[in-house]
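Participant: Sharing a structure, written as structure tokens. Questions coming.
The values are calculated or read from the model by the stated rules, or taken from the named source; none is laboratory data. Just so it is clear, the model here is predicted, and its values are computed rather than measured. Ideal geometry is used to build each Cβ from the backbone, glycine not excepted, and the neighbour counts take in all protein chains shown.
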Amino acid sequence: MADTADMADTADTADTADTAAPDIPATPDTPTAPDSSVNAAAPDTPADTAAPDTPAGPATAAGPMLWSGWGDPARAAGLPGPVRTLLQDILGVRAPGTPAVGLDEVRLPAPALPAGVLAALESVVGAGNARSGDEARVRHTRGKSTPDLMRMRAGDGSDAPDAVLLPGSHDEVLELLRICAAHRVAVVPFGGGTSVVGGLTPAREGHAGVVALDLARMNRLVSVDAESMVAELEPGLRGPQAEELLAAHGLTLGHFPQSFEYATLGGFAAARSSGQASAGYGRFDDMVVGMTVATPRGTLDLGRAPKSAAGPDLRQVVLGSEGAFGVITSLRLRVRRAPQARIYEGWRFGSFSAGTAALRRLAQDGPLPTVLRLSDETETMVGLAKPGELAESGGLSSGAGCLVIAGYEGTPEEAAERRDRAAAVLTGLGGTCLGTGPGDSWAHGRYSAPYLRDSLLAAGATVETLETAGFWSGLPRLYDAVRLALHGALGSPLVMCHISHVYGTGASLYFTVVTAQSGDPLAQWEAAKRSASEAIIAAGGTISHHHGVGRDHRDAYAAEIGELGVEILRGIKERLDPEGILNPGVLIP
Ligand SMILES: Cc1cc2nc3c(=O)[nH]c(=O)nc-3n(C[C@H](O)[C@H](O)[C@H](O)COP(=O)(O)OP(=O)(O)OC[C@H]3O[C@@H](n4cnc5c(N)ncnc54)[C@H](O)[C@@H]3O)c2cc1C
């Protein structure tokens, strides 16, 4: 997902009747040393990998992920009163959902990996770094989409790997791939395990076994070139770990997706992630200036200059390749100076179309805030914790209008100056400034939203998100088409939407859907998702702005790139991975 956002923000802001939405942290500004080889890394203990469940990394890293849900179990969120009202009065939720089974009740396939092969793999990574116990297998089963969670809660561990391997270096990854290719063992590169598109669900058929390659031990900041503003980091670093290491140099990536606490740099690159401050810092793929990739055929070292006319850019082949072409073992990333000041404000517009026009103006003519997002009427209303009014208005109320969050980061002078110029534009286009209250509230709750999903599932409601992007001229049609498809498939769901990534030419649309569960909630959601995906393609949108393809979007991706496009992808795959061991079934149609 990205921002189950607004339901959770409801939780966070219900008492203050404030506004909604999530994201952004803070780091000090200190000068950087040129070309220092820093090597200051987090401990070598993967957070999410089997026995014992020790959290890895600096204090800012989140605790171990709940295997059947989201995040740190200690931070599980109850349902606030307004959300309960909404479930009952508007969605008609009457009965609780099926409770989650215990970890020891998850049904796992019998391990298929031949003992000799496991021993050979273990000899590469060392004892303790090859794990085949049930807990390690369960914790590396699938990602964190709502269907993934539904299956796990029901005890369905059928997609579990046979073993989990924790390599410590590029050379170890190369050697593991060599052995796996020789024995036709499928390999699933595993970062934070937060995929929401089935990116960690390989097709087992035709393989002697499946291993998850957890990159958590590859968690070093390798070097900082402060003159070029480039840092080399290893792929297993989670968001907070990377930010903490960079903060010691006065730097930041500025990449803060809602999954920030758990997702890794390798996963950001492999799935073309986009953070909530993308207006100011860019998408993650914009930050990648170079990378090292281990493939079954050897090493790819890409990116030797800031820009190049030396043929097609092969970095673009690896970005978004979701583990199907190789394992990213190192990333050279453009970094920015950590901001000294942050100002987040709320604005109200009378309608989604008026707010959209204002965002477009800022995206095209500037000044561009660092964070810029607009909630539609329904999302704004839910964020205001007034579900009763939603019922009265049939889901839409012009009263609340639409909330914009605009954030500015930089030196205090830069942030203030940009804020004033943007404020003049927003006022001129009909916006009313709500002050910093809604902005601070949004920043405060930016990572808490996904916790609410587990409680909603338990309460008998399905909540899931989906996203797309389109050109400004086609955005209203795309918005209407997706909403119509979801309503058609689900009857009377709550469909909320926001724009959170803007460009000169267009923007993303991010939908959060809540519905009462039917007798078969998984089939119910899959039908709705199919309908929404068809609507996206028919309305000219892309099947994903930042979640990626995985298994769930493969068919729609094929429709997007056409037969020749599919042939090219298959050709690359065959060249880099002739045995087809890398994440089989993911990405490539
Ligand atoms: C609650 C929630 C909120 C989210 N919010 C956002 C958001 O705001 N923005 C956003 O962009 N996404 C978001 N996502 C989606 C997800 O977090 C991103 O796709 C993220 O980039 C995945 O990173 P990860 O480390 O968890 O990768 P994983 O889920 O472990 O892997 C993702 C894919 O990349 C492959 N992969 C992982 N590491 C490597 C590597 N080193 N080399 C090669 N392949 C690799 C995997 O095989 C898999 O196919 C959210 C997900 C959830 C559950």
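Participant: Does residue 512 qualify as being surrounded by 23 or more Cβ atoms within 10 Å (Cβ to Cβ), in contact with a Gly (Cβ under 6 Å, 6 or more places away or on another chain) and not hydrophobic (A, V, I, L, M, F, W, C)?
Facilitator: Spelling it out, it is not the case that residue 512 is surrounded by 23 or more Cβ atoms within 10 Å (Cβ to Cβ), in contact with a Gly (Cβ under 6 Å, 6 or more places away or on another chain) and not hydrophobic (A, V, I, L, M, F, W, C).
Participant: Same structure again: For residue 151, which of the numbered conditions (1) within 15 Å of the ligand (Cβ to nearest atom); (2) surrounded by 21 or more Cβ atoms within 10 Å (Cβ to Cβ) fails to hold?
Facilitator: If we test residue 151 against (1) within 15 Å of the ligand (Cβ to nearest atom); (2) surrounded by 21 or more Cβ atoms within 10 Å (Cβ to Cβ), just (2) comes out false.
Participant: Could you run through region 445-492 and say how many residues are buried (at least 22 other Cβ atoms within 10 Å of the Cβ) and in a loop (DSSP other than H, G, I, E, B)?
Facilitator: 3
Participant: Would you mind telling me which numbered condition in (1) surrounded by fewer than 24 Cβ atoms within 10 Å (Cβ to Cβ); (2) under 23 Å from residue 82 (Cβ atoms) residue 368 fails?
Facilitator: Tallying (1) surrounded by fewer than 24 Cβ atoms within 10 Å (Cβ to Cβ); (2) under 23 Å from residue 82 (Cβ atoms), residue 368 fails exactly one: (2).
Participant: Could you check, for region 130-140, whether at least one of its residues is within 15 Å of the ligand (Cβ to nearest atom) and at positive phi?
Facilitator: No, region 130-140 has no match at all.
Participant: When residues of region 177-192 are filtered for being within 13 Å of the ligand (Cβ to nearest atom) and closer than 18 Å to residue 130 by Cβ, how many remain?
Facilitator: Residues that pass the stated criteria total 6.
Participant: Test residue 502 against the criterion of being β-branched (Val, Ile, Thr) and under 29 Å from residue 97 (Cβ atoms), and give yes or no.
Facilitator: Criteria not met by residue 502.
Participant: Still on this structure, please answer the following. Name the one entry in 403, 456, 426 that is touching a residue at least 40 places away in the same chain (Cβ under 8 Å) and over 28 Å from the mean Cα position of the chain (by Cα).
Facilitator: 426
Participant: Based on what the data block shows, is residue 441 assigned to a strand (DSSP E or B), among the hydroxyl-bearing types (Ser, Thr, Tyr) and under 27 Å from residue 407 (Cβ atoms)?
Facilitator: no
Participant: Could you please give the count of residues in region 273-293 that are assigned to a loop (DSSP other than H, G, I, E, B), crowded, with 22+ Cβ neighbours inside 10 Å and within 10 Å of the ligand (Cβ to nearest atom)?
Facilitator: 4
Participant: Also, quick follow-up: Show the residue pairs that are 6+ apart or on different chains and have beta-carbon atoms under 6 Å apart, the first residue being within region 365-385 and of a type in the set (Lys, Arg), the second being modelled with pLDDT under 95.
Facilitator: Qualifying pairs under 6 Å: 373/500.
Participant: Hey, another quick one. Report, by residue number, each residue of region 39-92 that is in contact with a strand residue (DSSP E or B) (Cβ under 6 Å, 6 or more places away or on another chain), modelled with pLDDT of 50 or more and at negative phi.
Facilitator: Of everything in region 39-92, those that are in contact with a strand residue (DSSP E or B) (Cβ under 6 Å, 6 or more places away or on another chain), modelled with pLDDT of 50 or more and at negative phi turn out to be 87, 91.
Participant: Counting only residues that are within 14 Å of the ligand (Cβ to nearest atom) and over 28 Å from residue 338 (Cβ atoms), how many does region 194-242 have?
Facilitator: 14
Participant: Tell me which residues, restricted to region 290-311, are touching a residue at least 24 places away in the same chain (Cβ under 8 Å) and either within 19 Å of residue 574 (Cα to Cα) or among the charged types (D, E, K, R) (or both).
Facilitator: Passing the criteria: 293, 294, 295, 296, 297, 298, 299, 300.
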